[in-house]
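Taking it in order: structure first as structure tokens, then the write-up.
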Amino acid sequence: VNRADCLDLDRQDPLAPIREQFLLPEDIIFMGGNSLGALSSPVVAGVDRLVREEWGKGLLRSWNEAGWIDAPHRIGNKIGQLLGALPGEIVVADSTSVDLYKLLISALRHQQPDRQVILTEAANFPTDLYVAQGIVDLLGPPTELKMVPRTEVLSYLDDRTAVVMLTHVDYGSGDVFDMADVTRRVHAGGALVLWDLSHSAGAMPVNLHGCDVDLAVGCGYKYLNGGPGAPAYLYVAQPLQDAFLSPIWGWMGHADPFAFRGEYQPHQGIGRFLAGTPPMIALAGLEASIDLWLTVGQEAVWRKSRELSELMIELVDQRCRGYGVTIASPRDPDRRGSHLALRHPAAYAIKRALTDRGVIGDFRPPDVMRFSLTPLYLRYVDVWDTVDCLVDILTGRNYLAAEYAVRETVT
Ligand SMILES: Cc1ncc(COP(=O)(O)O)c(C=O)c1O
């Protein structure tokens, strides 16, 4: 493969027109979409319309007339189309961390009295672990958290397990759990399953219903491109909804918020997982981005994602040999999400040097550089140029500059 081949692939790419919807700076290659998705023109237009028209002119009327009050359900249903959920199974609310809290507590209550163990993998994303630790701290025994090695999770499943909480695509390596198989085995063990889809939605095919998933959460600001801190979403399978209760009884989760009754009565269905007023400016950005997502064929996205990551692996294998870079993601494309993790002892400094050269990825300790292969706005030639830049930095050893040794707050 050479650069001209990559340019050819771009010319034949059926998703190339979608890239034109994204407002990427000319001199930047953006490989960080697994951390913060890129800005698109529909998002700018959506936020602008909400602020100037709906808020500016519609004022209070917009809660009804612009459909603000239904936004968490409406956007949830749109995300549901991407994730194989039925209408009424996903709602958009709060952050992934808060949604994890709501669903874990609900699951523990549902599984009382015998099953009170949350089972997870020790290397799960820290917020998932922290939320579970906080719940155990709050509730005390017999509530318990078991954090076990990734490859052994299911061997710890027993008749005290309430819920198995896993991240579908690992935030570090990009390794993927087999959602259908794990869910089946968790159910056979009598427990519920909760999937964190933060690195899956918009990155690879997900079929919540097809896999009979009980509970799920995920970020709106990564591959879904909803904007920095965009609201998260939560999923509760329909048959469970009436038996599940959120631990946060807010007015937006009430059966009739505008009756202003003093007694809490949960909303029918998924709406009971709402708590406070929907953040409309943020939701406008997220909705516009999801609408863009719904115009593209998911299979084409997934095909390109795999082609981009296979290309990057091939180029790294060929061109970075002898410089201490190893591929930390699975080589089997069926076991990999949409980002590639490269390991190097000086990963942080190399990431900084890449950023200074206009290639933006990120770093996760102790030694991983992450590059996301986002098919909506990344070209094949961007992968070529990224590896080219990486080779240049490795050979020139510019990453040894003293300034790159100092860690910034966000890595
Ligand atoms: C797997 C996973 N879960 C949760 C989060 C964070 O979620 P939030 O910031 O919405 O609480 C992240 C952020 O990177 C993540 O990778």
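Scanning the range 72-87 for residues that are more than 16 Å from the ligand (Cβ to nearest atom) and over 16 Å from H254 (Cα atoms) yields R74, N77, K78, G80, Q81, L82, G84, A85, L86, P87. The single condition among (1) β-branched (V, I, T); (2) under 26 Å from Q21 (Cβ atoms); (3) within 16 Å of the ligand (Cβ to nearest atom) that V44 does not satisfy is (3). Every condition in (1) of a type in the set (S, T, N, Q); (2) farther than 15 Å from P142 by Cβ; (3) free of Cβ contacts under 8 Å to residues at least 12 places away in the same chain holds for Q112 except the one numbered (2). Of all residues in the range 79-100, those that are touching a residue at least 40 places away in the same chain (Cβ under 8 Å), part of a loop (DSSP other than H, G, I, E, B) and surrounded by fewer than 22 Cβ atoms within 10 Å (Cβ to Cβ) total 4. Within the range 294-311, can one find any residue that is in a loop (DSSP other than H, G, I, E, B) and over 22 Å from the mean Cα position of the chain (by Cα)? No, the range 294-311 contains no residue that is in a loop (DSSP other than H, G, I, E, B) and over 22 Å from the mean Cα position of the chain (by Cα). Does A243 satisfy being away from the ligand (no atom under 16 Å from the Cβ) and in contact (Cβ under 8 Å) with a residue 40 or more places away in the chain? Criteria met by A243.
State yes or no: is L60 surrounded by fewer than 20 Cβ atoms within 10 Å (Cβ to Cβ) and not in a helix (DSSP H, G or I)? In short, no. Applying the criterion of being in contact with a Ser or Thr (Cβ under 7 Å, 6 or more places away or on another chain) and part of a helix (DSSP H, G or I) to the residues of the range 101-116, the residue that is nearest to the ligand (Cβ to nearest atom) is K102.
None of the figures in this text is laboratory data; all of them are computed from the coordinates on show. Computed from a prediction, not measured in an experiment: that's the story for all the values here. Neighbour counts run over all protein chains shown; Cβ positions are idealised from the backbone, glycine included.
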